[in-house]
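The values are calculated or read from the model by the stated rules, or taken from the named source; none is laboratory data. For clarity, every value in this text was computed on a predicted model and none was experimentally measured. With ideal geometry, Cβ positions are generated from the backbone for all residues, glycine too; neighbour counts draw on all protein chains shown. Side chains are part of the model used for accessible areas, which takes the heavy atoms of the whole protein and leaves out ligands, DNA and RNA. Shrake-Rupley method; radii C 1.70, N 1.55, O 1.52, S 1.80 Å.
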Amino acid sequence: MRDFKWSPNFNVDIKSSIVSVWIKLDRLPIHRFNKVTFYSIGKFFGETLKLDAATVSMVRPSMVRICTELDAKKSLIDQVCIGNCKDRILASD
């Protein structure tokens, strides 16, 4: 079973390419740990939906998990460049 985002023109017979996925970011510099940064990074992939509890509470500073909604038909990015690109962040599943 797969969940679909509802919209006014939703049709049960048409498969949507919009999916919700968890993106894991490894080795994000600690000075970048804040919700504004997380949501901004998530926007590179698609619409940011939420953050996992460990990310919000900073219990696990070795990685960040962002739930984002993206279009599976579009090509996916695998890294994000922050600031002056000193902080290059790799995304994985």
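When the residues of region 39-93 are filtered to those that are of a type in the set (K, R) and modelled with pLDDT of 80 or more, which remaining residue is farthest from S16 (Cα to Cα)?
R60
For region 9-48, enumerate the residues that are assigned to a strand (DSSP E or B), without any contact (Cβ under 8 Å) to a residue 60 or more places away in the chain and charged (D, E, K, R).
Once the filter is applied, which keeps residues that are assigned to a strand (DSSP E or B), without any contact (Cβ under 8 Å) to a residue 60 or more places away in the chain and charged (D, E, K, R), region 9-48 yields only E47.
Any chance you could count how many residues in region 49-59 are part of a loop (DSSP other than H, G, I, E, B) and open to solvent by 60 Å² or more (accessible area, probe 1.4 Å)?
2
Working only within region 20-38, note down all residues that are of a type outside the set (F, W, Y) and at pLDDT 85 or above.
If the condition is that a residue be of a type outside the set (F, W, Y) and at pLDDT 85 or above, then S20, V21, I23, K24, N34, K35, V36, T37 are the ones that fit.
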